[in-house]
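The values are calculated or read from the model by the stated rules, or taken from the named source; none is laboratory data. This one's a predicted model, so the numbers in the text were calculated from it and none came from an experiment. Every residue, glycine as well, gets a Cβ built from its backbone with ideal geometry; the counts of neighbours run over all protein chains shown.
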Amino acid sequence: MNSFILRLFATTMFAIALLVTPAVAQKKYDMGATDAEIKIGNISPYTGLFKEYGAEGRAEAAYFQMINDRGGINGRKIDFVTVDDGSNVHKSVELAHKLVEQDGVLLIFSSFGTESNLAIRTYLNDKKVPQLFLQSSSAAFDDPTHFPWTMGFYASYRTEGLAYAKYILQNKSNSKIAILYADNLAGKEYLKGIHDGLADMTSTMITKEVSYSYTDATLTSQIEALKSSGADIFINLAWGKFATQAIRKAYDIGWHPLQFIPNASLSVAAFLDPAGLDKAVGIISNARSKGWTHTQAREDPAVREFLNWMSKYNSQASLRDQNNVAGYERAQALVEVLKQCGDNLTRMNVMKQAASLNLELGMLRPGIRITTTPTDYQPIKKLFLIKFNGKTWIPFGQVIGE
């Protein structure tokens, strides 16, 4: 009798296992994911006004090629569909529709620009397509309540502005400040961070604020007006070639204040070389990543890994272009998200994993991590200050955040 009961129990358990096992092992896919590949969309400015930032898209493509050469993510190769918007916001909208509706991507990753990402945000959220790790530090993209499918990446523009204001108050409290900023959302966020950081000292320390537009042919009138204010600190919140113009013009008219520039403009190869390295000596900016150009930096295994990747997969790019590190870090973070998804490659699960990160990427400076929650869509929240010595950027001070 006992033997019969045991056999019956074993048979029943085997039958239950047959029923349960397929459900446990079942793979889940949305458009853009299969057993063989994961299709990722990207919109970058490979041409036009901001073409220098196309280096990030090329770096991401190179990183994904390395991942594919190593067997992909959980056995799936990455199909990186990256398209050029020509630095045109209106074209970005058209391309986002094409990537989703014709190319059938699983998600949009690391698309460039505040205005462009704002232009496609509602569409992607309505379609429930992840818009991940954007090339914009606007706080507008940390809004999971209203836009749960959109997530930024680096510390916000406001955080950058606060860091500069804090440094000035601690080290140059008797100075006068002149500010150049873009007449758009990003520029105004930078400005608000500076005002918030200076607090009661804002009205007494800031002597002049002047905006510029991306359609301006030159910045001559703005720089001359800022110099005429008598300021001995120049917070140059210009991006790309506009930062280059402002650095060069200030120097050429004999104005040599202590100058600050945004993280987005710190690439030596893309923006300081064209300005003239001698004209950029002493400029302060901010970073999140370790240095990689110093000989001693190569003692760090993560730095050696980055340099080896550059040599093998991105050899046409300049080691002096910070945009390559930015692309490398974003791609690395996305790979970690997709690894966490396992065989559940639905868009909802991609966002679920992206909203539960606690990562330490090798090229980020110790003390700076990627952390997210369902109510916190700002993956990186900290930075540190750096100063240009005429050849390279030198870090100083501690890691800081809001």
- Task: Look at TYR190 and say whether it is among the aromatic types (Phe, Trp, Tyr), modelled with pLDDT of 95 or more and more than 19 Å from LYS227 (Cβ to Cβ).
- Result: yes
- Item | Evaluation of ALA302 against (1) crowded, with 21+ Cβ neighbours inside 10 Å; (2) of a type in the set (Gly, Ala, Ser); (3) under 23 Å from ILE370 (Cα atoms) (one fails), failing number | (1)
- Task: Scan (1) among the basic types (Lys, Arg); (2) closer than 26 Å to ALA270 by Cα; (3) at pLDDT below 95 for the single condition LYS51 breaks and write down its number.
- Result: (3)
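Yes or no, residue by residue, for (1) under 20 Å from ALA302 (Cβ atoms); (2) crowded, with 16+ Cβ neighbours inside 10 Å; (3) not assigned by TED's automatic domain parsing to the domain that holds GLY104:
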position: ASN323; (1), (2), (3): yes, yes, no
position: ALA333; (1), (2), (3): yes, yes, no
position: LEU338; (1), (2), (3): no, yes, no
position: ASN344; (1), (2), (3): no, yes, no
position: MET348; (1), (2), (3): no, no, no
position: MET351; (1), (2), (3): no, yes, no
position: SER356; (1), (2), (3): no, no, no
position: GLU360; (1), (2), (3): yes, no, no
position: ILE370; (1), (2), (3): yes, yes, no
- Only one of ILE233, ILE168 that is in contact (Cβ under 8 Å) with a residue 40 or more places away in the chain, touching a helix residue (DSSP H, G or I) at 6+ places or on another chain (Cβ under 7 Å) and in the same structural domain as HIS256 (by TED's automatic domain parsing): ILE233
- Message: Going residue by residue through region 41-48, is there one that turns out to be out of contact with any Phe, Trp or Tyr (no Cβ under 7 Å at 6 or more places or on another chain), assigned by TED's automatic domain parsing to the domain that holds VAL325, at pLDDT 95 or above and polar (S, T, N, Q)?
- Response: yes
- Task: Please indicate, with yes or no, whether at least one residue in region 213-232 is surrounded by 21 or more Cβ atoms within 10 Å (Cβ to Cβ) and under 20 Å from LEU118 (Cβ atoms).
- Result: no
- Taking ASN125 as meeting all but one of (1) within 22 Å of THR346 (Cβ to Cβ); (2) under 11 Å from the mean Cα position of the chain (by Cα), write down the number of the exception. (2)
- Query: For region 263-301, how many residues meet the condition of being in the same structural domain as ALA186 (by TED's automatic domain parsing), in a loop (DSSP other than H, G, I, E, B) and among the polar types (S, T, N, Q)?
  - Reply: 1
